[in-house]
Amino acid sequence: MTKTLIKDEFICLRQLLTRRTPVASIGLPPKSNGKKLILLLSVYLVLDLTITIIIGWPIHVIFPEIDEAYGAMEGFTALEFMLMAVFLAPPIEEFLFRLPLRYSKRNLRIWLVLSALFVLVFQYIVSLVLFSLWLYWLTRGKDRQFDVKVMRFYKRFGVAIFWFFALFFAAIHLSNFTANSLPIHLYLPAIVPQIIAGISLGVTRLRLGFWWAMLLHALFNLIVSLPSL
């Protein structure tokens, strides 16, 4: 059964590499039970950890400058950092980067306004754009044609949206490194683990749902944070 599940997940990932398969068609059958969901989550967790170790560990060995530039733990104890990584980062990051992967009128409206408020702390122009989009959508009221246009946009560009948020999620983690201490040619190698995580969490969100992706995120962060204690 596990081999079949892994095979199915590779098929799902291959679908995301092509525009021929709409994101809306990627998901579990309606009759999936809790046991299968937990097993799938475990498969994703093991795959995520394994690929991260196989690819990420050699990168850090070859480029010790990455570890030297890592400044995310500055000002925090190992326990404080782990608690933030497990209980604070997953809800915030999953909301920002995984909630909008599937079309939902309610979820997208919530995402727009709360993202606008969150981004306001860092970039007011982006916040203004998001807030303007939210207001515009509200002014359309129950305009069915507008909703259909948004749905068609997701159907056409769903795969591109998936990859945008996966890569944007990884790029944001460059902020974990101390400014000017990481050479520009190491930017991509430094965020390889986050690229892997962004893909894994994105697929989990599409296959299992938003809350399962959040749980996977928390479990992954817990496991990788334990050695710091």
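Of note:
- Flag if S228 is surrounded by fewer than 21 Cβ atoms within 10 Å (Cβ to Cβ) and either over 15 Å from L96 (Cα atoms) or at pLDDT 95 or above (or both): yes
- Test: residue in region 5-16 that is under 16 Å from F220 (Cα atoms) and either modelled with pLDDT under 85 or among the charged types (D, E, K, R) (or both): no
- Checking K149, K155, K142 one by one, the residue that is more than 18 Å from E94 (Cβ to Cβ), outside any helix (DSSP H, G or I) and of a type in the set (D, E, K, R) is K142 and no other.
- Members of region 69-100 that are among the β-branched types (V, I, T), at pLDDT 90 or above and out of contact with any Ser or Thr (no Cβ under 9 Å at 6 or more places or on another chain): I92
- Residue within region 159-169 that is surrounded by 12 or more Cβ atoms within 10 Å (Cβ to Cβ), without any contact (Cβ under 8 Å) to a residue 60 or more places away in the chain and more than 22 Å from I223 (Cα to Cα) present: yes
- Residue in region 176-188 that is touching a helix residue (DSSP H, G or I) at 6+ places or on another chain (Cβ under 7 Å), in contact (Cβ under 8 Å) with a residue 24 or more places away in the chain and among the hydroxyl-bearing types (S, T, Y) present: yes
- Residue selected from region 109-149 under the condition touching a residue at least 24 places away in the same chain (Cβ under 8 Å) and touching a Leu at 6+ places or on another chain (Cβ under 8 Å), by the criterion surrounded by the most Cβ atoms within 10 Å (Cβ to Cβ): L112
- Members of region 63-121 that are assigned to a helix (DSSP H, G or I) and touching a Gly at 6+ places or on another chain (Cβ under 9 Å): F97, L101
The values are calculated or read from the model by the stated rules, or taken from the named source; none is laboratory data. Everything numeric in this text was worked out from a predicted model, so none of it was measured. Cβ coordinates were reconstructed from backbone atoms using ideal geometry, including for glycine residues, and neighbour counts include every protein chain displayed.
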